[in-house]
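Below is one structure, written out as structure tokens; the observations come after it.
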Amino acid sequence: MARMAALRAAKQALRRDIKQRVAALSEQEKQRQSKVVSQKLFDHPKYASCDRIAVFLSMHDEVRTEEILQDLFAQGKTCFIPKYQSTASNHMDMLRLHSMQDMETLPLTSWNIKQPSDDDFTREEALATGGLDLILMPGLGFDRAGNRLGRGKGFYDSYLERCMRHARGKPYTVALAFKEQLCPDIPVDDNDVLIDEVLYEDPE
């Protein structure tokens, strides 16, 4: 019990530290690093070979994903985006997004994230059909071993557990990060799922 409390405290302290580092970045610098990270993804063999891809719609403190979305549609790939439950649960679905125009029509949540509305039942859910090949992961912090520090809600860890039960199995996971989000070591527990790869701008 004491170990869990210590782990929670360590995660909270690290979240505060990383948020401060990212908040210090200018919008121009966030855009610049986002372009570098997006290009690394476009050059990645996994991205080239995958068809069914889930991508987050970025918040102000995350790598911008607009360019990635544009490329997904240009390449004819099948795109899915998160739909977070607004209740106190950690349930998340990945719902089909059809185009950039489709994204523009999505309502904003209280977290200032665009996502399909609660009464939108028309969209395909990735695990209800063919599963996913690749999930592009957000997060607050990452280490080079693939450990991820989320926002504490457990949405992605819970979703990856559901993926593992799907016939297609666990998709390849790639985190997109500003270099300021990298840490020497992320404190984790048994519920935290390891990321396959973290993309970020290499330090000079």
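Being at pLDDT below 95, among the hydroxyl-bearing types (S, T, Y), open to solvent by less than 50 Å² (accessible area, probe 1.4 Å) and not in a helix (DSSP H, G or I): is that true of S110 here? When the stated conditions are applied, S110 does not pass them. Scanning the stretch 134-170 for residues that are open to solvent by less than 10 Å² (accessible area, probe 1.4 Å), small (G, A, S) and over 12 Å from the mean Cα position of the chain (by Cα) yields a single hit, G146. Number of residues in the stretch 44-83 that are hydrophobic (A, V, I, L, M, F, W, C) and free of Cβ contacts under 8 Å to residues at least 24 places away in the same chain: the value is 3. Hey, any hits in the stretch 165-182 for a residue that's in a loop (DSSP other than H, G, I, E, B) and closer than 23 Å to H60 by Cβ? Checking the stretch 165-182: at least one residue is in a loop (DSSP other than H, G, I, E, B) and closer than 23 Å to H60 by Cβ.
Scanning the stretch 1-42 for residues that are small (G, A, S) and surrounded by fewer than 16 Cβ atoms within 10 Å (Cβ to Cβ) gives A2, A5, A6, A9, A10, A13, A23, A24, S26. Scanning the stretch 93-107 for residues that are under 21 Å from G154 (Cα atoms) and either of a type in the set (D, E, K, R) or open to solvent by 100 Å² or more (accessible area, probe 1.4 Å) (or both) turns up just one, D93.
The number of residues in the stretch 146-164 that are assigned to a helix (DSSP H, G or I) and either touching an Asp or Glu at 6+ places or on another chain (Cβ under 9 Å) or over 17 Å from S58 (Cβ atoms) (or both) comes to 8. One residue stands out in the stretch 68-105 among those that are in a loop (DSSP other than H, G, I, E, B) and modelled with pLDDT of 95 or more: the one that is nearest to M137 (Cα to Cα), namely K77.
Against the conditions (1) more than 15 Å from I53 (Cα to Cα); (2) surrounded by 13 or more Cβ atoms within 10 Å (Cβ to Cβ), S89 satisfies every one except (2).
Tallying residues that are open to solvent by less than 10 Å² (accessible area, probe 1.4 Å), of a type in the set (V, I, T) and more than 13 Å from the chain's Cα centre (by Cα) within the stretch 176-195 yields 1.
The values are calculated or read from the model by the stated rules, or taken from the named source; none is laboratory data. What you are looking at is a predicted structure, and each value in this text was computed from that prediction instead of being measured. Glycine also receives a Cβ, built like all others from the backbone with ideal geometry; neighbour counts cover every protein chain displayed. Accessible surface areas use protein heavy atoms only, side chains included; no ligands, DNA or RNA. Shrake-Rupley method; radii C 1.70, N 1.55, O 1.52, S 1.80 Å.
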